[in-house]
Amino acid sequence: ASSNNVTVDLLQKDLIATNSLPCNGNFFHIRRCAHILNLVVQEGLKDIDGVILKICESAKYVRGSQVRKKKFLECVNPVGLDSKRGLKQDVPTRWNSTFLMLDSAIYYRRAFCHLELIDRSYKSCPLPYEWEKAEKINEFLEQFYNVTCSFSGTEYPTSNLYFASVYSCYFSLKTAKESDDSYLSSMGSLMIEKFEKYWKDFSIILAIA
């Protein structure tokens, strides 16, 4: 990132010297929005809550062998869930995989509870209050996932989505920071600090778009 900044500054000075940039180059450097959101959310997920670890272990357990997968599917059908939706497992380098894992695990909550009853080797099923906490975390992360998907669109303009999307994310971070839930409050505090590092001053040119 530091190399990028140095390069941009040098290029900007050269172009300004030849009067090649409008508005004295004020709108020359626009950071990639989806990447910044990724950095912001990864900052919030540095300290993983216990319930996320339990869900991660649960997903690893089920996906660890064909026998376990089959047993899990036997728990899915009786509770009326769609087996084709699939149980996701997170990837450490991609925060959105953590959201997708949480989202899929919450959907299969009753199947996990059923699995706990019939499989003595399965030890990581979240408790009822932990499932509720997972739902709160999932709901919080969902907005950032949806905005990231919007910013990453390839068949429609995205510059016009910037201001409203970034504002709604900032509002969610402020709300989380003031939450009574200590984990959400901690996440919100970490994320808002990273957010303001890049977006303390909104991009005027993207806001106009």
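Based on the reciprocal of the average 1/r between different C-alpha atoms, the Kirkwood radius for the stretch 1-61 equals 15.1 Å. Based on the alpha-carbon gyration tensor of the stretch 83-199 and its eigenvalue square roots a ≥ b ≥ c, which shape applies: rounded if a/c is under 1.5, prolate if not and a/b is larger than b/c, or oblate? It comes out oblate by the Cα gyration axes.
Taking a label point 7 Å from the Cα of Ser159 along the Cα→Cβ vector, which residues of the stretch 14-38 have an amide N closer than 18 Å to it? Residues 20-35 fall inside that zone. Computed from the C-alpha gyration tensor, the three semi-axes of the ellipsoid equivalent to the stretch 32-79 are 32, 13, 10 Å, from longest to shortest. The share of Cα pairs per 10 Å bin across the stretch 64-145, counted from zero up to the longest distance, runs 17, 47, 32, 4 percent. In this structure, the residue pairs whose Cα-Cα separation is over 26 Å, taken from Lys133/Lys177; Lys70/Lys123; Lys46/Lys136; Lys88/Lys200; Lys88/Lys197; Lys133/Lys197, are Lys88/Lys200; Lys88/Lys197; Lys133/Lys197. Applying a DSSP loop filter and a limit of 15 other Cβ atoms within 10 Å to the trypsin sites (Lys or Arg not before Pro) in the stretch 117-209 leaves Arg120, Lys123, Lys200. Note on mean projected area of the Cα convex hull in nm²: of the candidates [x] 14.4; [y] 12.4; [z] 13.3, the value calculated from this structure sits at [x]. Computed on protein heavy atoms with a 1.4 Å probe, the accessible areas place Leu102, Leu10 in the order Leu10, Leu102, largest first.
Between helix 33-44 and the chain there is an angle of about 50 degrees, using the helix long axis and the longest principal axis of the Cα atoms.
One chain, two ends: Lys123 and Leu39. Fully extended at 0.36 nm per residue, the span grows by 27.0 nm beyond their Cα-Cα distance. In the chain, excluding the sites themselves, the longest stretch lacking any of the GluC sites (Glu not before Pro) that are in a DSSP loop with at most 16 other Cβ atoms within 10 Å is 1-154.
Using a 1.4 Å probe on the protein chains only, how many percent of the accessible area of the chain belongs to carbon and sulfur? Answer for the chain is 52 percent, counting heavy atoms of protein chains only. Relative to the Cα centre, the charge distribution of the chain, modelled as +1 at Lys and Arg Cβ and -1 at Asp and Glu Cβ, gives a dipole magnitude of about 780 debye.
Highest mobility in the GNM of the chain, judged by mean-square fluctuation with C-alpha springs under 10 Å and restricted to Leu161, Leu11, Leu45, is found for Leu11.
Neighbours of Asn4 by Cβ distance under 13 Å: Lys/Arg scored +1, Asp/Glu scored -1, total +1. The angle between the Cα long axis of helix 182-199 and the longest principal axis of the Cα atoms of the chain comes to about 20 degrees, rounded to the nearest 10. Look at the dipole of the stretch 130-209 built from charges on Cβ: of Ala209, Phe195, Tyr170, the Cα furthest out on the positive end belongs to Ala209.
In a DSSP loop and with at most 11 other Cβ atoms within 10 Å, the trypsin sites (Lys or Arg not before Pro) in the stretch 38-78 are Lys46. Against the chain, whose longest principal axis is taken from its Cα atoms, helix 162-177 shows a tilt of about 50°. For Leu39, the solvent-accessible surface computed with a 1.4 Å probe is close to 40 Å², ligands and nucleic acids excluded. Assuming a ≥ b ≥ c are the square roots of the Cα gyration tensor eigenvalues, decide whether the stretch 1-106 counts as rounded (a/c under 1.5), prolate (otherwise, with a/b larger than b/c) or oblate. Because a/c hits 1.5 or more and a/b exceeds b/c, the stretch 1-106 counts as prolate. Per residue, the accessible area of the chain comes to 60 Å², computed with a 1.4 Å probe over protein heavy atoms only.
The values are calculated or read from the model by the stated rules, or taken from the named source; none is laboratory data. Remember, it's a predicted structure, so these values are computed and weren't measured experimentally. Using ideal geometry, Cβ is built from the backbone for each residue, glycine included, and neighbour counts are taken over all protein chains shown. Heads up: the accessible areas ignore ligands, DNA and RNA and are worked out on the full protein's heavy atoms, side chains in. Shrake-Rupley method; radii C 1.70, N 1.55, O 1.52, S 1.80 Å.
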